[in-house]
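Trainee: Pasting a structure here, questions to come.
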Amino acid sequence: MIRNTILPPLVLLIFAILPVRAENPVPQTSLPLTLNDLLQYMQPEAPSPDTKMLSLEECLKEAIERNYSIKIARNEQEIAQNNHTAAPFLPVLSAELDQSQERLSNRDVYRGDEPTVKQDYIANTYSADLSLDWRLFDGMSMFATYDTQKELLKAGELNLRGNIERLVSDISEQYYYIVTEQNRLEAAKLYLAISTLRYNQALEKYNLGSISGLEKTQAKIDLNADSSKLVLQQEIIRNAYIMLYEMMNIDLKTKAQLCDTITPNGQLSLEELRTEAMDHNTSILLARSGQKISELDLKIARSSRYPTLDFTAAYRFDHSANGNLAPRFSQLHGATWGFTASIKLFDRLETNRKIKNAKLELDNSELSLQQTQLGVTSEISRLFNTYRKNFMMIGFEQESADAALENLDAAMEMYRLGTMSGVEFREIQRSYLQAVERKLDAIYQAKVSEINLLYLSGRIL
């Protein structure tokens with residue numbers, strides 16, 4: 001857990017005199033930077049009323065609702081759900097209507113005085129068909145097809161879950177990255193406040209003639225370097241927020257602030273993580289689903305060796321009207337039905353080829369499952385070693401930061417009294433900041449390792 005250990009009693013007095021504001025950039029003034037300029041820059045600013053306070057749960061909720069990848073995965077899962085139907089077992093019922101007209105002309109020509117005789121005939125035909133086609137047996141292919149659709153639906157659900165898990169992992173890492181960088185910003189504020197105090201003391205001593213101009217100039221250089229460091233840290237945080245907003249798919253101009261601490265969980269067990277990963281890791285579950293689909297594809301390929309049995313039924317109605325010809329009309333109607341059994345005696349060895357390819361696909365899916373399991377377990381082992389190492393480093397770096405804090409507190413008093421040079425004071429100041437940053441790094445890396453371990457074990461949600 002990140003604790004507020006960077007403020008010793010003497011430094012609290014500094015902050016009471018020089019409150020730091022990190023929201024505005026350092027004013028671009030010519031050297032030297034005056035104390036009034038620094039005080040104006042470090043004056044506190046009232047928080048904006050439209051600033052939104054975000055917790056990790058709120059970030060995850062908005063991201064899952066808005067993220068484009070999640071929306072696409074949901075649509076794909078819905079497509080798989082629409083494809084999972086009882087269609088392979090159901091018959092096909094179709095209707096057909098037909099109407100046609102034929103015009104016939106009969107012309108008799110006489111050579112006498114009688115005129116030509118002409119007769120026209122119109123023949124109209126109407127027909128209607130209602131047919132039923134039902135495949136009763138196809139070598140169990142229909143059952144394998146139905147199970148394949150079911151497995152694809154399961155894979156679609158796993159893909160959606162995997163996208164959500166990846167998003168939760170990425171959002172959590174980015175969230176705690178911002179929290180860490182905000183703690184770095186607080187350390188940079190302290191660093192700048194101390195350098196400001198050192199410069200003011202150096203300036204006062206220089207005016208009294210107790211130190212050389214070289215030490216005063218070096219104090220000014222260090223003050224400017226710490227001011228630049230603070231500005232750079234502010235830029236890092238702004239960019240980190242933009243990346244978080246992009247993951248959440250919200251307006252990049254949103255004003256938000258994270259107020260949280262990092263508390264790594266030190267109770268994770270390597271054996272429990274490995275066991276849970278075998279049952280809950282999304283990549284492993286998808287690999288098993290792919291293996292199941294390959295088994296079903298092999299069944300479908302083998303079904304071509306078996307005969308098929310179809311049932312057909314139809315009802316037909318015909319009506320013909322022949323105009324002036326006799327008979328003037330005819331009408332027929334009736335029903336037909338029957339069974340058809342067929343088997344392929346030779347299909348150019350296509351069935352054998354499909355079966356061989358399906359067996360190879362099944363072998364590949366089994367190898368892919370084994371590879372995925374090995375990759376997940378080995379990744380968990382590596383991450384757990386990192387996780388355990390970072391927890392050990394947290395304790396070491398916390399002790400180092402506490403010791404450096406005591407040294408800094410004593411050095412500030414010695415520098416004020418003139419018993420320590422500016423170079424020596426700067427080195428102690430730098431040692432303290434480095435110890436704080438190492439502690440923050442260890443805490444953040446331990447949390448990232450924990451997040452990735454929970455992701456790989458299927459417990460991230």
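Bear in mind these aren't lab numbers, they're just calculated from the coordinates by the rules spelled out. As the structure is a computational prediction, the values presented were derived from the model and not from experiment. Here the Cβ is made from the backbone with ideal geometry for all residues, glycine too, and neighbour counts use every protein chain on show.
Trainee: What order do you get for 61, 154 when you list them from fewest to most C-beta neighbours inside 10 Å? Display every interim value, and only then the final one.
Mentor: Details: 61 12, 154 19.
Fewest-to-most ranking of 61, 154: 61, 154.
Trainee: On to the next question. Using square roots of five times the C-alpha gyration tensor eigenvalues, list the equivalent-ellipsoid semi-axes of region 224-283 in whole Å, biggest first.
Mentor: 36, 19, 11
Trainee: Ok, one more. Under 16 Å Cα-Cα from residue 71, which lysines qualify once same-chain neighbours fewer than 8 residues away are excluded?
Mentor: Result set, ordered by chain and number: 61.
Trainee: Follow-up. For region 336-348, in order, what is each residue's ³J(HN,Hα) by Karplus, 6.51 cos²θ - 1.76 cosθ + 1.60 with θ = phi - 60°, in whole Hz (x at glycine and Pro)?
Mentor: The phi angles translate into 9, 7, x, 10, 10, 10, 9, 8, 7, 7, 7, 10, 6 Hz.
Trainee: Next up: Given labels modelled 7 Å from the Cα in the Cβ direction, how far is it in nm from residue 371 to residue 315?
Mentor: 5.8
Trainee: Take the cross-link list 154/356; 189/447; 150/356; 154/447; 292/356 and give me the ones stretching past 22 Å between alpha-carbons. Intermediate values should be presented prior to the final figure.
Mentor: Numbers: 154/356 26 Å; 189/447 25 Å; 150/356 24 Å; 154/447 32 Å; 292/356 17 Å.
From 154/356; 189/447; 150/356; 154/447; 292/356, over 22 Å: 154/356; 189/447; 150/356; 154/447.
Trainee: Any chance you could get the radius of gyration and Dmax over the Cα atoms of region 217-326, in Å?
Mentor: So, for region 217-326, Rg and Dmax equal 35.9, 125 Å respectively.
Trainee: Still on this structure, I have one more. Step by step: find N for region 47-96, compute 2.2 N^0.38 Å, then divide the Cα radius of gyration by it. What's the final number?
Mentor: 2.24
Trainee: Continuing with this model, one more query. How big is the gap, in Å, between the Cα center of region 163-211 and the Cα center of region 402-461?
Mentor: After rounding, the separation between the Cα centres reads 11 Å.
Trainee: Once amide H atoms are built 1.01 Å from N in the peptide plane, which residues 5 or more positions from residue 257, or in another chain, come under 5 Å H to H?
Mentor: Excluding prolines and chain starts, which carry no amide H, the hits are 52, 53, 54.
Trainee: Separate question: Would you list which lysines come within 19 Å of residue 205, measuring only between C-alpha atoms, while excluding same-chain residues fewer than 8 positions from it?
Mentor: Reachable lysines: 216, 220.
Trainee: If you rank 396, 346 by fewest surrounding Cβ atoms within 10 Å, what's the result?
Mentor: The order, fewest Cβ neighbours first, is 346, 396.
Trainee: So what's region 360-445 giving for Rg/Rh, alpha carbon basis, Kirkwood Rh from the mean inverse pair distance?
Mentor: So for region 360-445, dividing Rg by the Kirkwood Rh gives 1.45.
Trainee: Taking the beta-carbon count within 10 Å as an exposure proxy, list 48, 400 from fewest neighbours to most.
Mentor: Ordered by Cβ neighbours within 10 Å, fewest first: 48, 400.
Trainee: At a Cα cut-off below 12 Å, give the aspartates and glutamates reachable from residue 439, other chains included and same-chain residues fewer than 8 away excluded.
Mentor: Counting by Cα, and skipping residues close in sequence, residue 439 has these aspartates and glutamates nearby: 397, 399, 402.
Trainee: Testing the spin-label approximation: label points 7 Å from Cα along Cα→Cβ at residue 143 and residue 48. State their distance in nm.
Mentor: Here the modelled spin labels are 6.5 nm apart.
Trainee: Provide the gained length on full extension for the span residue 419 to residue 342, in nm with one decimal, where the gain is 0.36 nm per separating residue minus the Cα-Cα distance.
Mentor: Here the segment from residue 419 to residue 342 would lengthen by 17.2 nm.
Trainee: Just to verify a number: FRET efficiency for residue 459 and residue 85, C-beta to C-beta distance, R0 = 35 Å, to 0.05?
Mentor: Efficiency, rounded to the nearest 0.05: 0.55.
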